[in-house]
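**Student:** One structure is given below, represented as structure tokens, and several questions about it will come after.
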Amino acid sequence: MALWGGRFSGSASQMFKQVNDSLPFDYVMASEDVTGSIAWSKGLLRAGVLSEDEQQTLQQCLETLQRSIEADNVDFSDSGEEDIHSFVEAYLTQALGDLGRKLHTGRSRNDQVATDFRLWCKRHLNLLKQDIINLLDALLKCANRHDKAIIPGYTHLQRAQPVLFAHWCLAYTEMLKRDISRIDDCIKRLNQSPLGCGALAGTTFEVDRESIAQDLGFDSPCLNSLDAVSDRDFVLELLFCASTGMMHLSRMAEDLIFYNSGEAGFLQLSDAVTSGSSLMPQKKNPDALELMRGKCGRVFGHLQALLVTMKGLPLAYNKDMQEDKEGAFDAVNQYHICLCIGVEVLEGLNLNQERTRQAAQQGYANATELADYLVNKGIPFRTAHDLSGQAVLEAINEACALEELSLTQLQEIHPSIEDDVYAWLELDAVINKRNQLGGTGYDVVTKALYLELENLDKLKSSFSSAT
Ligand code: ARG
């Protein structure tokens, strides 16, 4: 039965129930609703609304329900209840009669849903953090497995300068680290308790909101009841975390799809994360990566959808806000799936190091070196750039690499060029000259990799002690 029947003489239409009921999707917050209800029962005890015995009985009944939820033993499907809050209350009332009907004293579904959803978001942000840590782990292992491999680095998808493959891995490491810190920030801001704010104006019962917040693991209570029940910034921030994280995964996927293409031929993906074609027997398609890229659309869409839903809402709660959940649930699920499949992709990835080395040597990716060489001979960089361009043009005409031009040819371009230029143009030298912080030199990348492995250990242990 609806929680609000008293003032109605007619019943809701089937169509209205279909549009209004959220139980078909908000049942996933059942555990949070029970946790919030236990904390509220303690608040009512402290406020003198419930006796010690009553609170104990309610708590035991809620704990029984919690165990069934954890064991996946609750059937939410044919209760006919409107939402998870009505479901839990109906359960209590069925089990405990009038005592069950006391729990909602001073509480509204408005502060209840805001509390449940904050708890749900916090739990899932922490799970996502663990997923990102796993991907970081796979990325650093992949870098370690290929620590000497060189690939072409691109700008405008044109071969630009060679880089270590490990340097590429460390670029995504930086993004993943920022994704973790973005989640930490999001958790910091959402970590306030709306419970005790009632429908919008607070409650007349003397519940101690500080201790309720503490019981629920929040840092503090929300400070304004109107804001507490109508704020969904935390959902938007979660969606932004998921969107930015997915965008990073998508860029990584795009790089790998290209490296895996027949044209590049830089790597093989394992059979575990690829599929074939129903028509063309030779095909091995990078589906996992394409889905990491493709799923961004719906996740970004959920962020956009909620921004639009929220933008015109007057204070305080409006039913529009019930639309906050399905997008967030889906975004979290898709992001989780992509982080997990990303691990499998990286674990099974095999770089064709001869091929990448060869590709890194093509495309005049060492033209900057020639310019830098000339700068070292005292020539202004702009002139050196121009001279190196002339050398590239000559090599293109001769259909050879820069280092295949003879010394005479190079000296015609500039007389200061000597025999030592060939050592400068050599691939490993090109890499090794970039040993400044953040560069792609072997030494600096080896050191960065070592530091990141240390960071990862710290992250892993701080995470397991925090959860
Ligand atoms: N199912 C509702 C939601 O998710 C719970 C809050 C209902 N509040 C109300 N005033 N009808 O938003």
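The values are calculated or read from the model by the stated rules, or taken from the named source; none is laboratory data. Bear in mind that the values here come from a model prediction, so they are computed numbers and not experimental data. Backbone-built Cβ (ideal geometry, glycine too); neighbour counts: all protein chains shown.
**Student:** Can you report the number of residues in segment 203-218 which are closer than 23 Å to Cys186 by Cβ, in contact with a helix residue (DSSP H, G or I) (Cβ under 7 Å, 6 or more places away or on another chain) and surrounded by fewer than 16 Cβ atoms within 10 Å (Cβ to Cβ)?
**Tutor:** Total meeting the criteria: 0.
**Student:** Here's a follow-up. List pairs: first residue in segment 96-110 and at positive phi and touching a residue at least 24 places away in the same chain (Cβ under 8 Å), second residue within 16 Å of the ligand (Cβ to nearest atom) and assigned to a helix (DSSP H, G or I) anywhere in the structure, Cβ distance under 9 angstrom, at least six positions apart or on different chains.
**Tutor:** Qualifying pairs under 9 Å: Gly106/Trp40.
**Student:** So, in segment 117-159, of the ones that are more than 17 Å from the chain's Cα centre (by Cα) and aromatic (Phe, Trp, Tyr), which residue ends up farthest from Val332 (Cα to Cα)?
**Tutor:** Kept after step one, since they are more than 17 Å from the chain's Cα centre (by Cα), are these residues of segment 117-159: 117-119, 140-159.
Then drop every residue that is not aromatic (Phe, Trp, Tyr), which leaves 117, 154.
Details: Phe117: 13, Tyr154: 32 Å.
That would be Tyr154.
A quick yes/no check of all residues on (1) loosely packed, with under 14 Cβ neighbours inside 10 Å; (2) touching a strand residue (DSSP E or B) at 6+ places or on another chain (Cβ under 7 Å); (3) modelled with pLDDT of 95 or more:
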residue	(1), (2), (3)
Met252	no, no, yes
Phe258	no, no, yes
Leu267	no, yes, yes
Leu279	yes, no, no
Val299	no, no, yes
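**Student:** Considering segment 264-283 alone, what residues qualify as being within 29 Å of Ala242 (Cα to Cα) and not in a helix (DSSP H, G or I)? Before you say what the answer is, go through the steps one by one.
**Tutor:** The initial filter retains those residues of segment 264-283 that are within 29 Å of Ala242 (Cα to Cα), namely 267-275.
Leu267, Gln268, Leu269, Ser270, Thr274, Ser275, listed by residue number.
**Student:** Given the conditions (1) within 16 Å of the ligand (Cβ to nearest atom); (2) without any contact (Cβ under 8 Å) to a residue 24 or more places away in the chain, report the number of the one that Leu226 does not fulfil.
**Tutor:** (2)
**Student:** Here is a follow-up. Pull up segment 46-87, narrow it to residues that are in contact with a Phe, Trp or Tyr (Cβ under 7 Å, 6 or more places away or on another chain) and among the β-branched types (Val, Ile, Thr), then point me to the one that is farthest from the ligand (Cβ to nearest atom). Full working, then the answer.
**Tutor:** Looking only at segment 46-87, we keep the residues that are in contact with a Phe, Trp or Tyr (Cβ under 7 Å, 6 or more places away or on another chain), and these are 47, 49, 65, 76, 79, 81, 84, 87.
Those still in the list that are among the β-branched types (Val, Ile, Thr) too: 49, 84.
Values: Val49: 21, Ile84: 8 Å.
Once the filter is applied, the top-ranked residue is Val49.
**Student:** Something else: Considering only residues that are in contact (Cβ under 8 Å) with a residue 24 or more places away in the chain, part of a helix (DSSP H, G or I), within 12 Å of the ligand (Cβ to nearest atom) and farther than 27 Å from Asp287 by Cβ, which ones fall in segment 305-332?
**Tutor:** Lys319, Met321, Gln322, Asp324, Lys325 - these are the residues of segment 305-332 that are in contact (Cβ under 8 Å) with a residue 24 or more places away in the chain, part of a helix (DSSP H, G or I), within 12 Å of the ligand (Cβ to nearest atom) and farther than 27 Å from Asp287 by Cβ.
**Student:** Okay, next question. What residue, of Asp419, Asp372, is in a helix (DSSP H, G or I) and of a type in the set (Asp, Glu)?
**Tutor:** On the way: Asp419 fails: in a helix (DSSP H, G or I).
Result of the check over Asp419, Asp372: Asp372.
**Student:** With the structure loaded, tell me whether Tyr335 is of a type outside the set (A, V, I, L, M, F, W, C), at pLDDT 95 or above, crowded, with 19+ Cβ neighbours inside 10 Å and outside any helix (DSSP H, G or I) or whether it fails that test.
**Tutor:** Working: of a type outside the set (A, V, I, L, M, F, W, C): yes; at pLDDT 95 or above: yes; crowded, with 19+ Cβ neighbours inside 10 Å: yes; outside any helix (DSSP H, G or I): no.
No: the conditions fail for Tyr335.
**Student:** On to the next question. Which of the helices (runs of 4 or more DSSP H) contained wholly in segment 197-261 include at least 1 residues that are of a type in the set (A, V, I, L, M, F, W, C) and over 19 Å from Gly36 (Cβ atoms)?
**Tutor:** Working: elements: 209-215, 225-230, 233-260.
Here the list reads 225-230, 233-260.
**Student:** Restricting attention to segment 418-445, report how many residues are under 19 Å from Asn144 (Cα atoms) and surrounded by 15 or more Cβ atoms within 10 Å (Cβ to Cβ).
**Tutor:** Number of matching residues: 8.
**Student:** Any idea how many residues of segment 432-457 are modelled with pLDDT of 95 or more and part of a helix (DSSP H, G or I)?
**Tutor:** Qualifying residue count for the region: 16.
**Student:** Sticking with this structure for a sec: Somewhere in segment 99-113, is a residue touching a strand residue (DSSP E or B) at 6+ places or on another chain (Cβ under 7 Å), assigned to a helix (DSSP H, G or I) and surrounded by 21 or more Cβ atoms within 10 Å (Cβ to Cβ)? I'd like the intermediate steps shown before the answer.
**Tutor:** Taking segment 99-113 and keeping what is touching a strand residue (DSSP E or B) at 6+ places or on another chain (Cβ under 7 Å), we get none.
Checked against the condition, which is being touching a strand residue (DSSP E or B) at 6+ places or on another chain (Cβ under 7 Å), assigned to a helix (DSSP H, G or I) and surrounded by 21 or more Cβ atoms within 10 Å (Cβ to Cβ), segment 99-113 yields no hits at all.
**Student:** Considering only residues that are touching an Asp or Glu at 6+ places or on another chain (Cβ under 8 Å) and of a type in the set (A, V, I, L, M, F, W, C), look in segment 166-194 and name the one that is farthest from Leu427 (Cα to Cα).
**Tutor:** Step by step, filter segment 166-194, then rank; the result is Leu190.
**Student:** If you don't mind, another one. Quick test for you: out of Gln390, Gln334, Gln361, pick the one residue that is in contact with a strand residue (DSSP E or B) (Cβ under 9 Å, 6 or more places away or on another chain) and of a type in the set (S, T, N, Q). Even if it seems obvious, please write down each step before you answer.
**Tutor:** Numbers: Gln390 fails: in contact with a strand residue (DSSP E or B) (Cβ under 9 Å, 6 or more places away or on another chain); Gln334 fails: in contact with a strand residue (DSSP E or B) (Cβ under 9 Å, 6 or more places away or on another chain).
Going through Gln390, Gln334, Gln361 in turn, just one is in contact with a strand residue (DSSP E or B) (Cβ under 9 Å, 6 or more places away or on another chain) and of a type in the set (S, T, N, Q): Gln361.
**Student:** Now for a different question. Does Trp120 satisfy the criteria of being in a helix (DSSP H, G or I), at pLDDT 95 or above and within 16 Å of the ligand (Cβ to nearest atom)? Give the steps one after another, and end with the answer.
**Tutor:** Numbers: in a helix (DSSP H, G or I): yes; at pLDDT 95 or above: yes; within 16 Å of the ligand (Cβ to nearest atom): yes.
The answer is yes for Trp120.
**Student:** Can you tell me which residue among Ser68, Ser13, Ser31, Ser9 is surrounded by fewer than 21 Cβ atoms within 10 Å (Cβ to Cβ), farther than 19 Å from Gly106 by Cα, touching a helix residue (DSSP H, G or I) at 6+ places or on another chain (Cβ under 7 Å) and of a type outside the set (A, V, I, L, M, F, W, C)? Before you say what the answer is, go through the steps one by one.
**Tutor:** Numbers: Ser68 fails: touching a helix residue (DSSP H, G or I) at 6+ places or on another chain (Cβ under 7 Å); Ser13 fails: touching a helix residue (DSSP H, G or I) at 6+ places or on another chain (Cβ under 7 Å); Ser9 fails: touching a helix residue (DSSP H, G or I) at 6+ places or on another chain (Cβ under 7 Å).
None of the other options fit; the residue is Ser31.
**Student:** Test of understanding: among Ala95, Ala90, which residue is surrounded by fewer than 24 Cβ atoms within 10 Å (Cβ to Cβ), among the aliphatic types (A, V, I, L, M), within 16 Å of the ligand (Cβ to nearest atom) and part of a helix (DSSP H, G or I)?
**Tutor:** Working: Ala95 fails: within 16 Å of the ligand (Cβ to nearest atom).
Exactly one residue qualifies, and that residue is Ala90.
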